[in-house]
Amino acid sequence: MSAHAAPERPVLDVFDPRQYGRDIPHDRYRHLRDHHPVAWQEEPEVLGWPAGPGFWAVTRYEDVVRVLKDSSTYSSYLGATQIRDPDPADLPFIRRMMLNQDPPHHRRLRVLVSRAFTPRRIDRFGTVVRERARFLLTRAVAGARAADGTCDLVTQVTDDYALLNLTDLLGVPDTDRALLLHWTQRVIGYQDPDESGTPALGPDGRPLDPRSPSALRDMFDYAHALAAHKRRHPADDVMTALATDPELTGPELEMFFFLLVVAGNDTVRSAAPGGLHLLAENPEAYRRLRDGEVGFATTVDELLRRHPPVLTFRRTATQDTELAGTRIRTGDKVVVFHASANHDERVFPAPFTLNLTRTPNPHVSFGDGPHVCLGAHFARLQLRTLYEEACRLLPPSLESAGSPARLVSNFINGLKSLPMRVGGA
């Protein structure tokens with residue numbers, strides 16, 4: 001970063017992914033919102049990943065929305081959408097993904113995938129999703145009662161719930177479903193040794209970027225094999241729709257599969273246990289939900305506001321500009337912080353109160369602007385159904401059986417475990 005952007009004094013760090021393994025740094029977010037709403041962040045080497053040039057952290061709601069909506073000033077294409085800069089050699093490849101494009105090219109891809117991701121197709125899965133939620137919760141409760149009364153809602157319920165719902169929608173055979181979880185953990189959890197394992201090293205001895213073409217080759221080979229199968233044996237699923245779309249190229253099919261497998265799985269995989277944890281921490285809100293005093297639609301949005309599945313998204317300035325009184329230069333990285341925006345007191349009264357009837361609730365957990373989440377309807381369907389069945393099948397008092405384990409990541413707001421006491425009456 002050039003000297004012009006250096007702040008007069010250091011500001012609080014919200015970059016280091018290790019702090020998110022402990023908790024969301026809400027105190028730091030609030031300090032930045034109040035005093036440095038567009039704050040320069042250093043980007044040191046962490047966990048073996050190389051240092052970067054630094055970036056601007058955008059923490060106020062109004063500014064976050066402005067960045068997300070203004071794709072002509074804040075580009076997804078120039079440097080892609082992750083905080084860490086990709087290898088320059090990989091950037092043309094990464095830019096093929098819809099997430100990393102700007103209008104008007106982004107709109108073409110969004111229209112193509114929207115044909116497959118129709119509300120009708122998604123709503124058809126409502127019965128299957130409910131049966132799955134009921135089965136997984138019932139099995140977890142029965143297992144807890146047969147043991148010590150406790151279970152891990154992540155490993156026994158929400159991981160399988162998110163994964164199996166997605167594979168049904170895509171049309172992935174039962175025998176291949178574990179592959180999707182493996183790819184998700186490898187790409188999303190790359191900062192967390194528990195999720196990614198020992199990272200593969202490149203020729204320079206540095207960890208291999210999980211978004212690089214070489215790291216994704218096995219996923220892409222599978223996508224083409226599955227697409228070929230769907231052309232021979234079409235079904236009413238998303239992969240059949242994509243595989244038989246004459247306007248979709250082979251490379252575009254690869255990147256759509258990558259996006260759907262990773263983003264489609266991890267959105268619900270992260271949001272679902274976060275919502276259950278919030279209900280356990282707020283017994284009166286949970287009681288009101290169980291008793292029908294509040295609705296599930298507003299509940300889903302409030303739980304998403306408090307626990308957004310995605311923590312950050314990066315843009316790159318296309319021109320010299322100003323944001324919240326801060327001068328930003330062409331080429332600077334600009335990173336929006338969703339969890340901070342969702343708790344901005346300027347927009348959300350009593351933001352740390354879990355208000356299941358909060359209306360309006362303009363949270364940015366699914367983004368905003370041209371990149372607003374295409375799968376938001378499917379995610380809300382899954383979350384609403386899971387919480388409905390949890391209220392029926394889990395005990396009237398949710399009791400923690402230990403602290404949840406959080407994902408080490410400054411990108412995904414993930415829980416790796418959520419031990420709960422559910423074996424009571």
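The values are calculated or read from the model by the stated rules, or taken from the named source; none is laboratory data. Just so we're clear, the structure is a prediction, and the values are computed from it rather than from any experiment. Don't worry about glycine lacking a Cβ; one is built from the backbone with ideal geometry, like all the others, and counts go over all protein chains shown.
Of the residues 259, 279, 289, only one is in contact with a Cys (Cβ under 7 Å, 6 or more places away or on another chain), in contact (Cβ under 8 Å) with a residue 40 or more places away in the chain and not charged (D, E, K, R); which?
289
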The lone exception for residue 66 - which of (1) under 24 Å from residue 408 (Cβ atoms); (2) out of contact with any helix residue (DSSP H, G or I) (no Cβ under 7 Å at 6 or more places or on another chain); (3) at pLDDT 95 or above it fails: (1)
Contacts under 8 angstrom Cβ, first residue in the stretch 392-403 being farther than 11 Å from residue 280 by Cα and outside any loop (DSSP other than H, G, I, E, B), partner of a type in the set (A, V, I, L, M) and modelled with pLDDT of 95 or more, 6 or more apart: 393/137; 393/141
Residue ID - surrounded by the fewest Cβ atoms within 10 Å (Cβ to Cβ), chosen from residues in the stretch 111-138 that are closer than 18 Å to residue 264 by Cβ and charged (D, E, K, R): 120
Single match in 300, 294 (criterion: in a loop (DSSP other than H, G, I, E, B), more than 17 Å from residue 352 (Cβ to Cβ) and in contact with a Leu (Cβ under 8 Å, 6 or more places away or on another chain)): 294
Residues of the stretch 45-86 satisfying the condition of being over 22 Å from the mean Cα position of the chain (by Cα) and either part of a strand (DSSP E or B) or touching a residue at least 24 places away in the same chain (Cβ under 8 Å) (or both): 48, 50, 52, 53, 54, 72, 73
Residue count for the stretch 29-42, restricted to those that are surrounded by fewer than 19 Cβ atoms within 10 Å (Cβ to Cβ) and within 17 Å of residue 413 (Cα to Cα): 0
Options 153, 163; residue that is farther than 24 Å from residue 239 by Cβ, touching a residue at least 40 places away in the same chain (Cβ under 8 Å) and surrounded by 21 or more Cβ atoms within 10 Å (Cβ to Cβ): 153
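Looking only at residues in the stretch 256-298 that are among the acidic types (Asp, Glu) and at pLDDT 95 or above, which one is nearest to residue 99 (Cα to Cα)?
Step by step, filter the stretch 256-298, then rank; the result is 281.
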Residue satisfying all of: in the stretch 152-201; out of contact with any Asp or Glu (no Cβ under 9 Å at 6 or more places or on another chain) and acidic (Asp, Glu); modelled with the lowest pLDDT among these: 195
The stretch 89-111, residues that are part of a helix (DSSP H, G or I) and over 22 Å from the mean Cα position of the chain (by Cα): 92, 105, 108
